[in-house]
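Okay, structure first, notes after.
Quick note: the coordinates plus some simple rules give every number you see, no bench work behind them. Please read these numbers as outputs of a predicted model, since none were measured by experiment. Every residue, glycine among them, receives a Cβ derived from its backbone with ideal geometry; neighbour counts consider all protein chains shown.
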Amino acid sequence: MTLLPDFYHVEKIISPSDNIHIAEIHLNPAHPIFGGHFPDNPVAPGVCMMQILKELVEETEQKTLFLIHASNVKFTALINPNENPVLQFRFEILHDDEGQVKVKNTTTFGETVALKLSVTYGASFSRGK
């Protein structure tokens, strides 16, 4: 389930190794959120990019997650959905002894890094497909 229906769709998720995942998503430039953020110069809100990552990790892990901690959050480029609707999320998932899910992510469009962050999630419960 996505928090913002029709905000984006997942083109593909590949897993070149057990804990490395690469997701390609396509933003919907016509989504109403871009009408207010910002009119005539749409920019993907940073919190929405963080939410997309959480949803991608939930899909990969098949668990409902909640954010415990975020660190080293760096927004390095504006994401205009009209100019760069296709984003790549490359994330590494590790698990600690307490069952927390630790993720390091880099989000890019083309060769441009737009977001880097490390997050820790807790798992609410497992879910089936």
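Below, the figures for the structure above:
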quantity: The range 1-48, residues that are of a type in the set (A, V, I, L, M, F, W, C) and assigned to a loop (DSSP other than H, G, I, E, B); calculated: Met1, Leu3, Leu4, Phe7, Ala30, Phe38, Val43, Ala44
quantity: The lone exception for Gln88 - which of (1) crowded, with 17+ Cβ neighbours inside 10 Å; (2) assigned to a strand (DSSP E or B) it fails; calculated: (1)
quantity: The range 3-18: number of residues that are loosely packed, with under 14 Cβ neighbours inside 10 Å and in contact (Cβ under 8 Å) with a residue 24 or more places away in the chain; calculated: 4
quantity: Every pair of residues 6+ apart whose Cβ atoms lie under 7 Å, when the first sits in the range 23-51 and is farther than 13 Å from Phe89 by Cβ while the second is exposed (fewer than 13 other Cβ atoms within 10 Å of the Cβ) and of a type outside the set (Val, Ile, Thr); calculated: Asn28/Asp6; Pro29/Asn82; His31/Asp6; Pro42/Asn82
quantity: Any hit, the range 28-50, residues being touching a Ser or Thr at 6+ places or on another chain (Cβ under 8 Å) and under 23 Å from Lys102 (Cβ atoms); calculated: yes
quantity: The range 60-74, residues that are in a strand (DSSP E or B), crowded, with 17+ Cβ neighbours inside 10 Å and under 14 Å from the mean Cα position of the chain (by Cα); calculated: Leu65
quantity: Count of the range 70-95 residues which are farther than 20 Å from Lys12 by Cα and in contact (Cβ under 8 Å) with a residue 12 or more places away in the chain; calculated: 12
